[in-house]
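Colleague: Following this message is one structure expressed as structure tokens.
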Amino acid sequence: MLTGERQRLPPWFKTTLPTGKRLVRYNQTTSSIHDNALHTVCEEAKCPNVHDCWGRGTATFMIAGQHCTRGCRFCSVKTLKKPPLPDTSEPENLAIAVENMGLSHVVITVVNRDDLPDSGASHYRACIDAVHRRNPNTRIEILCSDLAGDIEALASLLNEAPLQVFAHNIECVESLTPTVRDSRASFSQSLSILQHAKTIRPTIVTKSSIMVGLGETTEEVTSAMKALRNVDVDLLTLGQYLSPGKGHHPVVSFPTPEQFDLWAKEAKYLGFSGVASGPLVRSSYRAGELLDNAHGITNEGVFEI
């Protein structure tokens with residue numbers, strides 16, 4: 001039953017705060033981000049792994065502003081119909097922060113910018129290029145919007161870009177898409193963007209993510225995974241949905257860690273080269289290690305949290 005009541009979290013959601021060297025690194029990461037006037041999805045989306053990741057000196061940067069033009073019911077990022085134009089100094093500020101943090105793998109995520117003619121693709125590309133110029137040995141992953149289905153904008157973003165991973169999240173199973181995501185998003189449009197990314201750049205690694213606990217069945221999760229493999233998506237993350245608060249989609253269920261293990265095994269059987277599956281897993285969890293799996297650097301290819 002869908003209710004607005006906050007549910008008690010199961011015991012497997014316990015996390016620890018950083019101490020010692022990790023606390024120092026957490027504070028350094030915080031300073032690097034805030035000193036360069038940057039935003040992170042870690043903060044904006046209230047990620048439960050923020051202390052762990054920042055304690056390791058890793059972060060997922062969010063570009064093109066703090067406001068999204070869409071109002072998905074799962075997301076805590078603020079919504080505006082017409083946000084301010086992207087900050088032209090953001091690409092260089094981002095590049096400096098990546099350099100200061102000494103990152104070997106950076107994830108750049110974006111807000112939807114339906115208000116812009118190219119849905120923000122040119123700004124996203126400017127950020128990618130700036131990071132690469134200053135950090136030529138850093139691997140770059142972008143967690144992109146669906147660019148309103150604009151394949152020309154996608155091509156301008158991907159063609160000859162110094163980019164290793166193109167990620168776009170289907171977010172949830174197909175039947176729940178109309179109630180969980182903004183009306184301008186669709187399951188088929190997300191699949192199309194992922195499929196065209198492979199057409200434009202056949203060698204690029206593609207990635208997507210599924211949230212569970214929204215009311216889906218295990219069969220629907222399997223169907224969603226098969227749909228992603230049908231468009232040659234390489235990497236997959238599966239995690240528990242946690243409602244940001246009142247007005248957002250409620251949590252319907254808490255699949256057990258054992259169920260996440262079963263989904264991970266199934267995903268590997270379906271052919272994903274890297275899988276991160278667990279209650280606390282989020283889109284960018286161990287992003288660098290998952291990319292290593294895609295290149296065959298490690299054998300296991302399954303991560304849990």
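The values are calculated or read from the model by the stated rules, or taken from the named source; none is laboratory data. A quick note: this is a predicted structure, and the numbers were derived from the prediction, not measured. Every residue, glycine among them, receives a Cβ derived from its backbone with ideal geometry; neighbour counts consider all protein chains shown.
Colleague: Check F260 against each of (1) within 16 Å of V173 (Cα to Cα); (2) in contact with a helix residue (DSSP H, G or I) (Cβ under 8 Å, 6 or more places away or on another chain); (3) among the hydrophobic types (A, V, I, L, M, F, W, C) and name the one condition it does not meet.
Modeller: Tallying (1) within 16 Å of V173 (Cα to Cα); (2) in contact with a helix residue (DSSP H, G or I) (Cβ under 8 Å, 6 or more places away or on another chain); (3) among the hydrophobic types (A, V, I, L, M, F, W, C), F260 fails exactly one: (2).
Colleague: Under 6 Å between Cβ atoms, which residue pairs at least 6 apart in sequence (or on different chains) link something in segment 85-102 that is over 15 Å from D129 (Cβ atoms) with a partner that is in a helix (DSSP H, G or I)?
Modeller: As it stands, the answer is A97/S32; N100/S32; M101/S32, since those pairs meet every condition given.
Colleague: Mind listing whichever residues of segment 121-140 are under 17 Å from the mean Cα position of the chain (by Cα) and in contact (Cβ under 8 Å) with a residue 40 or more places away in the chain?
Modeller: Y124, C127, R139
Colleague: Name the helices (runs of 4 or more DSSP H) wholly inside segment 197-305 in which the number of residues that are charged (D, E, K, R) and under 24 Å from F74 (Cβ atoms) is 2 or more.
Modeller: Output list reads 218-230, 257-270.
Colleague: I need every pair where a residue in segment 141-152 that is free of Cβ contacts under 8 Å to residues at least 60 places away in the same chain and assigned to a helix (DSSP H, G or I) has its Cβ under 9 Å from the Cβ of a residue that is among the basic types (K, R) and surrounded by fewer than 23 Cβ atoms within 10 Å (Cβ to Cβ), sequence separation at least 6 or different chains.
Modeller: Filtered contacts from segment 141-152: A148/R184.
Colleague: Condition first: of a type outside the set (A, V, I, L, M, F, W, C) and either under 18 Å from Q259 (Cα atoms) or in contact (Cβ under 8 Å) with a residue 60 or more places away in the chain (or both). Can you find one or more residues in segment 184-191 that meet it?
Modeller: Yes, segment 184-191 contains a residue that is of a type outside the set (A, V, I, L, M, F, W, C) and either under 18 Å from Q259 (Cα atoms) or in contact (Cβ under 8 Å) with a residue 60 or more places away in the chain (or both).
Colleague: How about segment 104-130: which of its residues are surrounded by 24 or more Cβ atoms within 10 Å (Cβ to Cβ), hydroxyl-bearing (S, T, Y) and outside any loop (DSSP other than H, G, I, E, B)?
Modeller: If the condition is that a residue be surrounded by 24 or more Cβ atoms within 10 Å (Cβ to Cβ), hydroxyl-bearing (S, T, Y) and outside any loop (DSSP other than H, G, I, E, B), then T109, Y124 are the ones that fit.
Colleague: Moving on to the next point. In segment 245-296, which residue that is over 13 Å from L235 (Cβ atoms) and among the hydrophobic types (A, V, I, L, M, F, W, C) is surrounded by the fewest Cβ atoms within 10 Å (Cβ to Cβ)?
Modeller: This residue is L262.
Colleague: Restricting attention to segment 260-302, and to residues there that are of a type in the set (V, I, T) and touching a Ser or Thr at 6+ places or on another chain (Cβ under 9 Å), which single residue is modelled with the lowest pLDDT?
Modeller: Filtering first and then ranking leaves V302.
Colleague: Please enumerate the residues belonging to segment 62-84 that are touching a residue at least 60 places away in the same chain (Cβ under 8 Å) and crowded, with 18+ Cβ neighbours inside 10 Å.
Modeller: Of everything in segment 62-84, those that are touching a residue at least 60 places away in the same chain (Cβ under 8 Å) and crowded, with 18+ Cβ neighbours inside 10 Å turn out to be I63, A64, R70, C72, F74, C75.
Colleague: Criterion first (among the hydrophobic types (A, V, I, L, M, F, W, C) and either crowded, with 22+ Cβ neighbours inside 10 Å or modelled with pLDDT of 95 or more (or both)) does A37 satisfy it?
Modeller: No, not satisfied.
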